[in-house]
Amino acid sequence: MIDTVALRTLVALDSFGSVTATADSLGYTPAAVSHQLQKLSRQLGSPVTERTGRGIALTPMGRELSRRGASVLQDLESLESEARASSGQPRGRITVGGFSTGIRGLLVPSLPPLRAAAPELTVTNIEEEPEELIEMVTAGRIDASLIFDWNNSSLSLPPTLASALITVDRADIIMHRDHHLATRAEVGRPDLVGQVFVSAPRNAVCHRWLTALFEDLHSQPRIEYWALEYDTQVEFVRAMGALALVPRLGRPHLPSDVTVVPLDDPAIARTIHLVWRQSMSSSPAIARLLEQMQAIAGADETAA
């Protein structure tokens, strides 16, 4: 019988194209990937890969096995989810991806009540950009992930994934209390033209969103400082008087010399979803995780 670990390795190789990338995706060493592929070839009596210069490629049989094997693995995952669902109790281990503020504001607060309600469930996590996270869920590298979209744009997901809305997260302008806009009840986008900003690195999701705020104004944000983490952006606000566009979810504690001024357009927000593979839709662990995150988001909205 075909070994499912070896089959999953072959399917991953078909997706990622190299032994190194496959090893990274599965948490294996390159030698372990090669061992699984060799084992699969021995089981079938014919090679599933072949050398191509410095790399390897799937043989015709390997490609067919990967195509059909991906479907088999999805069926097995769906069967496991349904079997676990029959007990109604979340068990086992799931890995959840997310972006930094989503992990801080939603996942971390969800873990203590999840542990209390489902002590046989273990939740681990990784942190990445939304585009990477979607690929990782699709490939089976992680079980579910928090992702976000700006301005209610259409969420584009592969047909093998399912999603549910957790919350709509508005963003505000963070500024020094001495800034001339700091006494405003709210600011509009025209007020921001020409102001100095600190931004996430160029082409990061949050940088693209900041740039998009100025498109209707036929302008560009005046970005003079760059920082990936919002905590560091706040330090640029304090030290240099720059402005920062910071979402409310998972916002770091603000020092006394920094203030928040809301934007006058409530549509300037990001929608936060949990995504998972369709084959895991029966999973009690996914259902309980989603329920807990929605409860955390609802409590935060009530407090705000």
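The values are calculated or read from the model by the stated rules, or taken from the named source; none is laboratory data. From a predicted model like this one, the values you see are computed outputs, not experimental measurements. Cβ placement follows ideal geometry from the backbone for every residue including glycine, while neighbour counts extend to all protein chains displayed. Only protein heavy atoms, including side chains, enter the accessible area calculation; ligands, DNA and RNA are left aside. Shrake-Rupley method; radii C 1.70, N 1.55, O 1.52, S 1.80 Å.
Return only the number of the condition from (1) touching a Ser or Thr at 6+ places or on another chain (Cβ under 9 Å); (2) over 30 Å from Glu291 (Cβ atoms) that Gln195 does not satisfy.
Going through (1) touching a Ser or Thr at 6+ places or on another chain (Cβ under 9 Å); (2) over 30 Å from Glu291 (Cβ atoms) one by one, Gln195 breaks only (1).
Name the residues in the range 20-51 that are closer than 19 Å to Glu64 by Cα, open to solvent by 30 Å² or more (accessible area, probe 1.4 Å) and of a type in the set (A, V, I, L, M), would you?
The one that is closer than 19 Å to Glu64 by Cα, open to solvent by 30 Å² or more (accessible area, probe 1.4 Å) and of a type in the set (A, V, I, L, M): Leu44.
Taking interchain pairs and intrachain pairs at least six residues apart, which have beta carbon atoms under 7 angstrom, with the first residue in the range 46-65 and farther than 19 Å from Thr20 by Cα and the second open to solvent by 70 Å² or more (accessible area, probe 1.4 Å)?
Ser46/Met61
Among the hydrophobic types (A, V, I, L, M, F, W, C), within 21 Å of Ser199 (Cα to Cα) and at pLDDT 90 or above - does that describe any residue in the range 290-299?
For the range 290-299, residues among the hydrophobic types (A, V, I, L, M, F, W, C), within 21 Å of Ser199 (Cα to Cα) and at pLDDT 90 or above: absent.
How many residues does the range 116-126 hold that are surrounded by 13 or more Cβ atoms within 10 Å (Cβ to Cβ), touching a strand residue (DSSP E or B) at 6+ places or on another chain (Cβ under 9 Å) and farther than 10 Å from Leu289 by Cα?
So the answer is 4.
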